[in-house]
Amino acid sequence: MLTLENIQVKIGPVEAVRGFSMSAEPGAMVGLAGRNGAGKTTVMRAIMGIAAVSRGRIRFNGQDMAKQPVHARAAEGIGYMPETRGLIPELSVEENMLLPSWVISGLDGKARLDFVYEVMPELKGMAKRKALQLSGGQQKMVALGRALTAGHRLLLLDEPFEGVAPALAQRLSDVISALKSEKLSIVMSMSEMTHSHTVLDHVFGIERGANAMDAAA
């Protein structure tokens, strides 16, 4: 479903990603492992179209993504959960999760929201609360819900357990594990695999922007 072929990404004069390659099959859960600063977030941003690829190719479902803007990639069914969460503080939990449906033509926001509440029923109880009133872990869950609103084919989860209390990290891990049955491809970056090693099908390692490991989990 997703293939990265020798991609290069520059941030100013710095080559943040140097010829990195990876792939994710339909329905697979793939780990992107590396230390902080290794290039994981830049790879995620490149897949989403936020970071420009100067060399190499990104293909999704057989299509070359090189010239597709961010909103077009989301419309293809790609959901992105950034490490920083990226919620709009003044909007409610439900409004944050519905955001993709406001800008993606043909996306049934109510149906996707119902699915999110089915997967994470605790979010329904905080639906009307402002995002700024939530804890960091709760905000991570909302960010995952928003990613699921758009991401019915591919989810990009950047450090989903980073900075989250152990109980909420375990809950996030349970939710993500349950999504395997949804025939959804998931790419999840992590500095360490405490909460995810048992559910990953494959792990790609990255170090200094280049491939460091490629192995079945």
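The values are calculated or read from the model by the stated rules, or taken from the named source; none is laboratory data. Not measured: the values here are computed from a predicted model. Note: ideal-geometry Cβ built from the backbone for every residue, glycine included; neighbour counts use all protein chains shown. All accessible areas refer to the heavy atoms of the entire protein, side chains included, with ligands and DNA or RNA removed. Shrake-Rupley method; radii C 1.70, N 1.55, O 1.52, S 1.80 Å.
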>> Step by step: first the residues of the stretch 105-146, then only those that are in contact with a Ser or Thr (Cβ under 9 Å, 6 or more places away or on another chain) and in a loop (DSSP other than H, G, I, E, B), then the one that is surrounded by the fewest Cβ atoms within 10 Å (Cβ to Cβ). Which residue is that?
In response: Lys128
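Is there a residue in the stretch 21-39 that is in a helix (DSSP H, G or I), within 27 Å of Ala178 (Cα to Cα) and within 12 Å of the chain's Cα centre (by Cα)?
First pass over the stretch 21-39, keeping only residues in a helix (DSSP H, G or I): none.
No, because not a single residue in the stretch 21-39 is in a helix (DSSP H, G or I), within 27 Å of Ala178 (Cα to Cα) and within 12 Å of the chain's Cα centre (by Cα).
Please work out if Glu207 is of a type in the set (Asp, Glu), touching a strand residue (DSSP E or B) at 6+ places or on another chain (Cβ under 8 Å) and modelled with pLDDT of 90 or more.
On the way: of a type in the set (Asp, Glu): yes; touching a strand residue (DSSP E or B) at 6+ places or on another chain (Cβ under 8 Å): no; modelled with pLDDT of 90 or more: yes.
No, not satisfied.
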> So how many residues does the stretch 34-87 have that are of a type in the set (Val, Ile, Thr) and open to solvent by 70 Å² or more (accessible area, probe 1.4 Å)?
Replying inline: 2
> Quick one: which of Asp214, Asp201 is closer than 27 Å to Gln63 by Cβ and exposed (fewer than 15 other Cβ atoms within 10 Å of the Cβ)?
Replying inline: Asp214
> Residues Leu168, Leu179, Leu156: which one is under 22 Å from Ile50 (Cβ atoms), of a type in the set (A, V, I, L, M) and out of contact with any Pro (no Cβ under 7 Å at 6 or more places or on another chain)?
Replying inline: Leu156
> List the pairs whose first member sits in the stretch 1-15 and is of a type in the set (Asp, Glu), whose second member is open to solvent by 70 Å² or more (accessible area, probe 1.4 Å), and whose Cβ atoms are under 7 Å apart, counting only residues at least 6 apart or on separate chains?
Replying inline: Glu5/Arg57
> List, please: which pairs have Cβ atoms under 9 Å, are six or more places apart or on different chains, and start with a residue in the stretch 52-63 that is within 21 Å of Thr41 (Cβ to Cβ) and end with one that is open to solvent by 80 Å² or more (accessible area, probe 1.4 Å) and among the charged types (D, E, K, R)?
Replying inline: Ala52/Lys10; Ser54/Lys10
